[in-house]
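The values are calculated or read from the model by the stated rules, or taken from the named source; none is laboratory data. Here the structure is a predicted model, which means the values were calculated and not measured. Reconstructed Cβ throughout: ideal geometry from the backbone, glycine too, with neighbour counts over all protein chains shown. Accessible surface areas use protein heavy atoms only, side chains included; no ligands, DNA or RNA. Shrake-Rupley method; radii C 1.70, N 1.55, O 1.52, S 1.80 Å.
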Amino acid sequence: MLDSKQLYVSTLIGVNWETPDWTQLKTTDKGKWLLERHSMTKRLKLCCAILDVEVLSLHRCDVKTLTESERNLLGYEVCLVREVILSGDNAPWLCARTLVPMSTLTEQEADIAQLGAVPLGQRVFTQANARRDTIEVATVNIDGNILLARRSRLWVNDKPMLVSELFLPRAPMYQEDN
Ligand code: PHB
């Protein structure tokens, strides 16, 4: 993995997540990106011709490595960790790290462990009962760039996963008109 990609992933792991100020964020274009409740993949696809997913890592994590807030949101369980970079027309836009409890990867959802380059949102939001509930946000400073991040819990067939997303400097949310 290239150093910058590793830096994005480790930044996401160390973020201090905060409850968003919904009233304030709803009034700004960047805030609307952060508060998106439906598919981020779908939203990003509207801004490019080709959206690529590069899987950086897919591994199991020990329950002991989950933070207290991750345990509160997901329960005390071994998780599959999926780390990806999403690029729009070859520009890196988003680094995402998703924790999927093993009990989520059952029955109809077993395939989520084998998505490969298929974006998670493309798979999850085909399900009519998919929903996102807790959204938290953060700002991070990477090499002098102030970047935005969010963490949200997704449910599919009433089974949870936790998605952390770091919006990289070339992401459409930082460009005007998006
Ligand atoms: C993923 O494929 O893991 C993925 C894609 C888009 C996101 C988050 C995660 O916004």
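Here the label points at residue 47 and residue 16, each 7 Å from Cα along the C-beta direction, are separated by 2.7 nm in the simple model.
Using 0.36 nm per residue and subtracting the Cα-Cα separation, the extra length available between residue 158 and residue 175 on full extension is 2.6 nm.
Computed with a 1.4 Å probe over protein heavy atoms only, the accessible surface of the chain comes to 51 Å² per residue. Gain on full extension, evaluated as 0.36 nm per residue between residue 59 and residue 106 minus their Cα-Cα distance, stands at 15.2 nm.
For the stretch 96-161, which whole-number percentage of the solvent-accessible area (1.4 Å probe, protein heavy atoms only) is attributable to carbon and sulfur atoms?
Heavy-atom surface of the stretch 96-161 belonging to carbon and sulfur, 1.4 Å probe: 50 percent.
Against the main long axis of the alpha-carbon atoms of the chain, helix 3-14 sits at an angle near 70°. Local charge for residue 73 was computed over the other residues whose Cβ lies under 9 Å away, with Lys and Arg +1 and Asp and Glu -1, and equals +2.
Think of it as helices only: each DSSP H run of n ≥ 4 in the chain is worth -39500 (n - 2.57), and spread over all residues that comes to -5500 deg cm²/dmol at 222 nm.
Applying D = kT/(6 pi eta Rh) to the stretch 1-76, where Rh is the Kirkwood radius over alpha-carbon pairs, T corresponds to 4 °C and eta to 1.567 mPa s, the Stokes-Einstein value obtained is 83 µm²/s. Seen from residue 41, the other residues with C-beta closer than 11 Å to its C-beta sum to a net charge of +2, counting Lys and Arg as +1 and Asp and Glu as -1.
Using only Cα atoms, figure out Rg for the chain and give it as a multiple of 2.2 N^0.38 Å. Don't skip to the answer; put the middle values down first.
Numbers: Rg = 15.3 Å, N = 178, 2.2 N^0.38 = 15.8 Å.
Here the Cα radius of gyration is 0.97 times the empirical estimate.
Ordering 93, 155, 22 by accessible surface, largest first, gives 22, 155, 93; the 1.4 Å probe counts only protein heavy atoms, with every chain in place.
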